[in-house]
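Report on one structure; see the data block that follows.
Just so you know, all these numbers are worked out from the coordinates, no wet-lab data involved. Model, not experiment: these values are computed from the prediction. When we count neighbours, we look across all protein chains shown, and the Cβ atoms used for this are built from the backbone with ideal geometry, even at glycine.
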Amino acid sequence: MSIPTEPIGSLPRPRALQDALADHAAGRLSAAELKKLQDQAVVDTLARLEQTGSPLLVDGDQAKPDTITYPVQGLTGLARDGVVIPYADGHTRQLPRLTTGPFRYQVRADTYLRAALKHTERPVKQAVVAPSALSLLYPADGIAGYSREAFLSDLANESEAEIRACLDAGAHRVQLDFTEGRLALKLDPSGGVLDDFITLNNKVLGRFSEKERNRLGVHTSPGADYDSTHSLDVDYAELLLRLFQLKVGNFYLQLASEPDPERVLKTAADQLRPGIRVFVGVTDPLDPTVETPEEVRDRVLLAANHIPADQLGTCDDDGFAPYADDTSTSREVAFAKIEARIRGTEIASRDLGM
């Protein structure tokens with residue numbers, strides 16, 4: 001048995017799809033025509049991942065507008081002036097603001113999963129937004145007639161329903177994207193916001209059986225958008241001390257871009273418990289240089305010095321294009337990095353006698 005390796009989720013969209021998204025936004029392309037191109041991009045993504053030898057596939061989020069707000073596309077009762085997420089290079093992303101209740105998902109990720117499963121026989125992983133991220137949609141000054149407590153209850157129910165729908169549809173793994181975890185410590189260094197995030201996520205995850213949680217995972221990173229991050233300057237150890245409280249069987253840790261990966265590994269090892277697997281990032285989507293299989297191997301072997309091989313896995317640090325309009329990384333570079341991850345993990349597995 002070799003060390004398992006998995007993609008995180010998003011991949012750059014083909015140029016034709018990028019152009020189509022712009023045309024659709026400008027009213028020059030119908031929704032039906034856009035969907036056709038999104039479907040074609042999903043088929044191409046699955047085929048190219050199979051060509052790399054990837055044992056587990058993703059649809060690359062080709063039909064998602066981004067990895068956070070896809071559930072609320074088309075939801076009425078949203079304003080544009082929500083929480084602003086600043087990135088280190090100076091650009092920002094802004095979330096919508098909820099103006100009325102009750103809160104309901106308009107799109108669930110199982111719709112993307114079911115579409116992907118039509119085009120492959122290989123196992124498919126589905127990424128979903130963590131409820132903690134969507135909790136940021138609720139305004140600080142509240143909503144008349146719709147309390148924060150009522151909103152969080154609705155949000156937990158919607159998140160649970162999405163995860164169950166993905167499991168029922170046949171997802172090999174369901175991964176919660178939790179990039180807001182490290183950002184929470186930047187917004188509130190005391191850790192109070194992060195603790196609230198952990199509590200909310202566990203409120204949802206606690207509704208699943210132990211067997212189901214073995215198919216669930218959580219991914220964390222300092223963000224990745226236009227080759228920049230929102231919280232790389234925050235001490236990773238402060239997040240990891242709380243992250244492993246989450247009730248999942250798999251953890252996906254950004255690591256390749258960390259300045260001191262061994263410190264991160266030591267902290268993770270201290271939090272390790274039986275029955276979980278830690279996937280460490282061995283490729284950096286923000287670095288345009290494609291890692292060699294040998295560089296990946298060395299990163300895996302370093303991780304194996306701290307994480308038992310039977311609890312170790314590898315992944316990319318983050319998705320390659322969490323927002324649909326992110327063109328900072330080419331599709332060719334992304335797939336080359338994925339292939340290097342797979343080959344390097346295979347070499348490390350042999351070196352470890354697996």
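According to the square roots a ≥ b ≥ c of the eigenvalues of the Cα gyration tensor, what is the shape class of the stretch 217-269, taking rounded for a/c under 1.5, prolate for a/b larger than b/c otherwise, and oblate for the remainder? The shape class here is oblate. When both bridge partners sit in the stretch 68-222, DSSP labels roughly 40% of those beta bridges antiparallel. Here's the list of lysines a cross-link from Lys247 could span, going by alpha-carbon distance under 17 Å and ignoring same-chain residues fewer than 8 apart: Lys203, Lys211. Note on His24 and His172: with the Förster distance fixed at 51 Å, the Cβ-Cβ geometry gives a FRET efficiency of about 0.95. For the chain, what does -39500 (n - 2.57) per DSSP helix run (n ≥ 4), summed and divided by total residues, give at 222 nm, in deg cm²/dmol to the nearest 500? Using -39500 (n - 2.57) per qualifying helix, the result is -12500 deg cm²/dmol. Only lysines eight or more places from Lys35 in sequence, or on another chain, were considered; those with a Cα closer than 25 Å are Lys64, Lys118, Lys125. Annotation: peptides 67-79, 319-331, ranked by per-residue average of other Cβ atoms within 10 Å with the highest first, follow the order 319-331, 67-79.
How many angstrom lie between the Cα centre of the stretch 112-166 and the Cα centre of the stretch 42-75? That distance is 17 Å. The distance between label points at Glu295 and Asp89 comes to 1.8 nm (points 7 Å beyond Cα on the Cα→Cβ vector). Between Ala79 and Arg263, the contour length at 0.36 nm per residue exceeds the Cα-Cα span by 62.1 nm. Residues whose amide H falls under 5 Å from that of Val128, counting only those 5 or more places apart or on a different chain, are Gln175, Leu176, Asp177, with hydrogens built in the peptide plane.
Net length available on complete extension from Ala144 to Tyr226 is 25.8 nm, with 0.36 nm assigned per residue and the Cα-Cα distance removed.
Stretched out straight at 0.36 nm per residue, the stretch from Ala47 to Asn305 would grow longer than its current Cα-Cα span by 89.4 nm.
With R₀ fixed at 30 Å, the C-beta to C-beta distance from Lys36 to Ser190 puts the FRET efficiency at about 0.05.
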